[in-house]
Amino acid sequence: MTSTYRINYQLRQHKRDGLIEFIKLTLSTSFVLYDEAADADISPPNADEKSALIRSKERYAEVMSGVEKLINDHIEMQKLGEPEHSRLHRLVPTVSTFCTPLPLRKAFLLADAQHTISARRFVSPSFNDIRRILNTAQVCAIAPTLNLITFDGDMTLYDDGKDFEQDSALVILIIQLLSFNINVAVVTAAGYTEDAESRYESRLSGLLHGFQLSDLTNAQLGRFHVLGGECNYLFQLGDDYHLHFVPQEVYQPEQVRAWSQNTTEIDAVLDIAQANIEKCVQEMNLPAMVIRKTKAVGLVPQPGVTILREILDEVVLSTQHHLLRYQRSPSVLQAPLPFCCFNGGSDVWVDIGNKLIGVQMLQAYLNAKPEETLHVGDQFLSTGNDYATRASCCTLWIINPQETQEALVQLTDILEKQK
Ligand code: IMP
Ligand code: MG
């Protein structure tokens, strides 16, 4: 459902992750069928109850081993160029590409030791339990070969619309990643055209301050990049601890430069998006402003107002519909312009370009293969802007900066042991 240049959100009927739902359903069979301690009273667990807990854990672990094998088989079919013939694909038709195997049994046992999933008799393994297990498995799998880690900004590194705080635990963790000579990039939708360096510097102020206090070498500092506007504006950290604009010709392939400079077509796409967003504002009487930039147009709620997720999704899906209809019309002769229309949690944006192109350009520029690249983000539902990266790298789906921190603690622990 993703292509390099277009993300067709509308093909998805519901906004669930197929693989997570499949694992949840498979685990729930054990949960439903085997409640061996159903009649237990509230006295401390006896020997029988203790062995029932061990069997419960083993059954869940078996399921995770089974899914792990399905993924390995799917990877084999990917290598043969026919992933659609894998058993996993038949069971989960929306399944994406796997850039590494996933040690799910090991990840489950780690999660179970922490969150005692198998000891629960009233609450079955949840969507979030499985999302976190997949994250742990991905961290374990990629640690030995990690070359490039990309982070979404809002809700991944800092709260929505906020700046990177000096006292954020992520400062030291990101410094640690750079100290392992790993390339680190923030790949954010936020696109600033005027005074861009200082706008990004102020969003990342806490992190940049941390860099100044660190022992990072100049080469390590130079491995930190910021890619703004999904894939449109690249900055590199200098040894003066400031961000420096990297000219497009240095890192953009010819094909990307062709559309990114086509201002006529960019304006045509943004005009259609803007017209639909304005219509939504009028029809649904939304307390919101429409903001137009060179390569983006957005709907932003008035200060202090929250707009319901369903309404934001309606704006996303209707705008997507009109843009795709325009791009398929006979009058559009050239290759369609890539765009990303997404629900940012509290606002809606249509950006020219998307994070898939962003990650792919960084991979080519920094010489990182898909199986050596990890993207961490919060918007992996079908109306989110991190979703697109899945086609080209490994991913961690987190829901807030606290979870980013937990994932980085796991990752840096492994990197430390590997040293
Ligand atoms: P991300 O989570 O780092 O990708 O940032 C997404 C958020 O950046 C959006 O939800 C907006 O609140 C904000 N933003 C600011 N400027 C832009 C823009 O030009 N395009 C898209 N999002 C923007
Ligand atoms: Mg985000």
*Past the 20 Å Cα-Cα mark, which pairs from 24/355; 69/106; 24/57?*
24/355
*Spin-label point model (7 Å from Cα, Cβ direction): what's the residue 113 to residue 80 distance in nm?*
3.7 nm
_Computed [θ] at 222 nm, deg cm²/dmol, the chain (DSSP H ≥ 4; -39,500 (n - 2.57); rounded to nearest 500)_ = -14500 deg cm²/dmol
*Could you give P(r) for the chain, binned at 20 Å from zero, as whole percent values over all Cα-Cα pairs?*
25, 54, 19, 1
*When ligands, DNA and RNA are left out and all protein chains stay put, how many square angstrom of accessible area per residue does the chain have with a 1.4 Å probe?*
46 Å²
*asked:* Can you find, among 208, 246, 276, the residue sitting farthest towards the positive end of the charge dipole of the stretch 202-276, where Lys and Arg contribute +1 and Asp and Glu -1 at Cβ?
replied: 208
*What fraction of the Cα pairs in the stretch 158-268, stated in percent, has a spacing above 22 angstrom?*
34 percent
*Amide hydrogen neighbours beyond the local backbone of residue 241, cut-off 5 Å, H modeled*: none
*Does the stretch 53-210 come out rounded, prolate or oblate, given a ≥ b ≥ c as the square roots of the eigenvalues of its C-alpha gyration tensor, rounded meaning a/c under 1.5 and, failing that, prolate meaning a/b above b/c?*
prolate
*For the chain, with all protein chains present and a 1.4 Å probe, just round the carbon and sulfur fraction of the accessible area to a whole percent.*
53 percent
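By the gyration tensor of its Cα atoms, with a ≥ b ≥ c the square roots of the eigenvalues, what is the shape of the stretch 156-222: rounded for a/c under 1.5, prolate for a/b over b/c, or oblate?
Since a/c reaches 1.5 and a/b is larger than b/c, the shape of the stretch 156-222 is classed as prolate.
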*Looking only at Cα atoms, what is the convex hull volume of the stretch 314-419 per residue, in Å³?*
111 Å³
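Taking the Cα centre as origin and putting +1 on Lys and Arg beta-carbons and -1 on Asp and Glu beta-carbons, what dipole magnitude results for the chain, to the nearest 20 debye?
With Lys and Arg at +1 and Asp and Glu at -1, about 1040 debye.
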*Roughly speaking, what is the stretch gain from residue 409 to residue 128, that is 0.36 nm per residue apart minus the C-alpha to C-alpha distance, in nm to one decimal?*
99.3 nm
*Residues of the stretch 233-264 with amide nitrogen under 17 Å from the 7 Å Cα-to-Cβ point of residue 291?*
233
*Which shape class, rounded, prolate or oblate, goes with the stretch 306-376 when its Cα gyration tensor gives a ≥ b ≥ c as root eigenvalues, a/c under 1.5 marks rounded, and past that a/b bigger than b/c marks prolate?*
oblate
*Amide proton proximity set for residue 100, modelled H, under 5 Å, gap of 5+*: none
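The values are calculated or read from the model by the stated rules, or taken from the named source; none is laboratory data. Please read all numbers here as calculations on a predicted model, not as lab measurements. Cβ sites come from the backbone with ideal geometry, for glycine too, and all protein chains shown count toward neighbours. We work out accessible area using only protein heavy atoms, side chains counted, and drop any ligands, DNA or RNA first. Shrake-Rupley method; radii C 1.70, N 1.55, O 1.52, S 1.80 Å.
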